[in-house]
Amino acid sequence: MIKTDILIIGAGPTGLFAVFEAGLLQLKCHLIDALPQAGGQCSEIYPKKPIYDIPGFPEVLAGDLVDNLMEQIKPFQPGFTLGERAETIEKLEDGSFIVTTNKGTKHHAPVVAIAGGLGSFEPRKPLLENLEKYEDNGVAYMIKEPEIYRNKKVLIAGGGDSALDWSIFLADIAKEVTLVHRRNEFRGALDSVEKVQQLKNEGKINLITPAEVVALKGENRLEKVTVKDTSTSEETDVEVDDFIPLFGLSPKLGPISNWGLEIEKNAIKVDNTYDYQTNIPGIYAIGDVNTYPGKLKLILCGFHEATLMCQSAYQRINPDKKYVMKYTTVGGVTGFDGSKKEAPKAVVKAID
Amino acid sequence: MIQLQIGMSDIKIKIIDREGVSHEVDAPTDMNMNLMEVVRSYELAPEGTIGICGGMAMCASCQCYVQSDHELPEMSDDEEAMLSEAFNVKDNSRLGCQLHITEDLDGLQVELAPEEA
Ligand SMILES: Cc1cc2nc3c(=O)[nH]c(=O)nc-3n(C[C@H](O)[C@H](O)[C@H](O)COP(=O)(O)OP(=O)(O)OC[C@H]3O[C@@H](n4cnc5c(N)ncnc54)[C@H](O)[C@@H]3O)c2cc1C
Ligand code: FES
């Protein structure tokens with residue numbers, strides 16, 4: 001069981017900054033995210049795109065903003081459970097919570113802050129009959145351990161960076177790699193596109209375009225994938241061990257919508273006049289995932305909400321203490337790792 | 001005078017939502033809006049199910065089928081690439097976020113594509 005002061009669901013910019021504000025109050029945080037990396041939408045959707053409305057940054061790449069946040073919170077040693085989705089929540093008699101992920105990892109904390117953004121990112125599944133039947137039985141939407149494809153016949157579908165990158169990567173491991181895409185053009189980093197071209201010329205990747213997968217076949221396990229050439233409508237069966245559709249990820253609020261929280265417009269209603277607490281005391285919702293009159297889904301609003309949430313969480317965890325706000329310039333930043341940052345002292349010296 | 005101008009810059013668009021209900025709405029041509037934003041401003045699709053990428057042709061949550069025979073601006077590479085990866089795509093599919101509201105679109109009729117499962 002992982003124990004912490006504030007359990008944060010979602011490691012997007014809002015969740016990450018909450019770690020900093022909590023750290024100033026000497027509260028420890030642990031974050032859960034369904035994605036294998038931190039950063040939420042900024043890392044998953046637009047890492048290379050610039051943002052212009054972060055106060056104090058005339059321009060910053062979304063990926064760099066995430067790197068900076070990670071650096072800023074490092075002294076507060078946050079824990080991470082990545083690649084797992086928060087699935088269930090249980091309130092104990094003492095008012096604390098146990099949150100369990102889809103992989104069964106349990107987290108215990110007196111305060112839960114949901115910073116789930118638009119929801120946990122789930123793979124976009126192609127519309128194919130029998131798809132479910134073959135899931136984990138020849139069909140996978142993410143590649144977690146490339147080694148399991150050693151000496152296998154793999155068919156990848158998709159036209160973006162992940163389809164290109166994994167085709168390149170698996171070309172060395174798998175027995176056969178087939179890449180199917182609806183168009184002749186691919187949308188990805190230039191060097192990945194060129195590399196696939198080269199591997200195709202060398203016969204290491206079997207490229208089928210413009211085409212799409214239209215059917216899956218196999219007794220108990222996936223055995224064949226029917227590929228339709230979209231220019232001629234001709235269909236051919238390709239023998240495969242594994243089919244990996246890589247059509248990107250789309251966010252789903254998912255299990256959190258069954259936690260008894262008040263939901264409006266696919267978002268969690270919170271008390272915006274005070275501390276962004278939900279209808280369940282001890283559970284807060286901050287960032288894109290919450291809603292209240294006038295809500296704006298902006299990074300800077302998430303930062304503000306995280307800050308006020310931490311104050312309220314502090315009171316909940318330490319009901320007898322009174323906290324007096326101190327500027328970081330005045331009080332410095334003392335990490336749990338023993339590091340201390342503070343403003344250099346001014347010298348008091350006479351000038352003669 | 002000013003009021004007249006505001007009224008003048010609206011066009012009418014017919015939008016059939018995902019439940020099949022038809023809505024005739026006024027869309028301003030002078031507010032730098034696109035069709036996805038018009039749909040959101042009238043809340044014709046639940047928040048969180050449209051405009052996920054904010055209008056960058058990166059999610060296809062704003063896909064619609066154009067039913068009237070308006071002359072539409074050509075697709076950009078980005079839009080074409082996204083539609084080639086989207087589901088439920090038809091010949092008349094476009095990304096709403098890539099259709100800017102201009103006078104040429106007066107009388108446009110579109111149907112929102114189903115939400116991706
Ligand atoms: C293309 C694009 C451009 C943008 N440009 C700007 C801009 O210029 N300025 C601006 O201010 N904002 C911009 N935004 C919006 C900004 O990215 C969001 O407001 C911000 O990411 C919200 O942060 P968040 O931490 O609240 O949520 P998110 O970034 O969405 O992160 C939420 C995280 O929670 C995880 N999660 C959710 N549910 C679960 C669960 N049950 N279990 C485990 N993990 C879960 C998700 O996997 C995700 O990683 C843009 C967004 C996009 C898509
Ligand atoms: S809003 Fe994402 S593609 Fe149009």
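The values are calculated or read from the model by the stated rules, or taken from the named source; none is laboratory data. This one's a predicted model, so the numbers in the text were calculated from it and none came from an experiment. Here the Cβ is made from the backbone with ideal geometry for all residues, glycine too, and neighbour counts use every protein chain on show.
Of all residues in the stretch A:46-63, how many are in contact with a Phe, Trp or Tyr (Cβ under 9 Å, 6 or more places away or on another chain) and either among the aromatic types (Phe, Trp, Tyr) or closer than 21 Å to residue A:122 by Cα (or both)?
Residues meeting the conditions: 2.
Does at least one position in the stretch A:87-97 carry a residue that is away from ligand 1 (no atom under 15 Å from the Cβ), basic (Lys, Arg), more than 18 Å from the chain's Cα centre (by Cα) and not in a loop (DSSP other than H, G, I, E, B)?
Scanning the stretch A:87-97 turns up at least one residue that is away from ligand 1 (no atom under 15 Å from the Cβ), basic (Lys, Arg), more than 18 Å from the chain's Cα centre (by Cα) and not in a loop (DSSP other than H, G, I, E, B).
Just to be sure before I move on: is residue A:113 under 24 Å from the mean Cα position of the chain (by Cα) and part of a helix (DSSP H, G or I) in the structure I sent? Even if it seems obvious, please write down each step before you answer.
Numbers: under 24 Å from the mean Cα position of the chain (by Cα): yes; part of a helix (DSSP H, G or I): no.
Judged against the criteria, residue A:113 is not a match.
For the stretch A:208-304, which fully contained strands (runs of 3 or more DSSP E) count at least 1 residues that are of a type in the set (Phe, Trp, Tyr)? Give the steps one after another, and end with the answer.
Working: elements: A:211-217, A:224-229, A:235-239, A:242-245, A:249-252, A:267-269, A:283-285.
Fully inside the stretch A:208-304 and qualifying: A:242-245, A:283-285.
Filter the stretch A:131-162 down to the residues that are more than 20 Å from the chain's Cα centre (by Cα), surrounded by 13 or more Cβ atoms within 10 Å (Cβ to Cβ) and part of a loop (DSSP other than H, G, I, E, B) and list them by number.
Hits for the stretch A:131-162 are A:137, A:138, A:152, A:158, A:159.
Give the residue, chosen from A:138, A:104, that is free of Cβ contacts under 8 Å to residues at least 24 places away in the same chain, away from every other protein chain (no Cβ under 14 Å) and closer than 30 Å to residue A:156 by Cβ. Walk me through it before giving the result.
Details: A:138 fails: free of Cβ contacts under 8 Å to residues at least 24 places away in the same chain.
Testing whether each residue is free of Cβ contacts under 8 Å to residues at least 24 places away in the same chain, away from every other protein chain (no Cβ under 14 Å) and closer than 30 Å to residue A:156 by Cβ leaves just A:104.
Counting only residues that are at pLDDT below 95 and within 13 Å of ligand 1 (Cβ to nearest atom), give me the helices (runs of 4 or more DSSP H) lying completely in the stretch A:1-76 with at least 2 of them.
Working: elements: A:13-24, A:40-44, A:62-73.
Here the list reads A:40-44.
Among the numbered criteria (1) within 16 Å of ligand 1 (Cβ to nearest atom); (2) within 23 Å of residue B:104 (Cβ to Cβ); (3) at pLDDT 90 or above, which single criterion is violated by residue B:72?
Failed condition: (1).
Looking at this structure, is residue A:150 within 16 Å of ligand 2 (Cβ to nearest atom) and among the charged types (D, E, K, R)? First the steps, then the outcome.
Working: within 16 Å of ligand 2 (Cβ to nearest atom): no; among the charged types (D, E, K, R): yes.
No.
Could you list, in sequence order, all residues of the stretch A:249-278 that are more than 19 Å from residue B:115 (Cβ to Cβ), within 14 Å of chain B (Cβ to nearest Cβ) and touching a Leu at 6+ places or on another chain (Cβ under 6 Å)?
A:268, the sole residue that qualifies.
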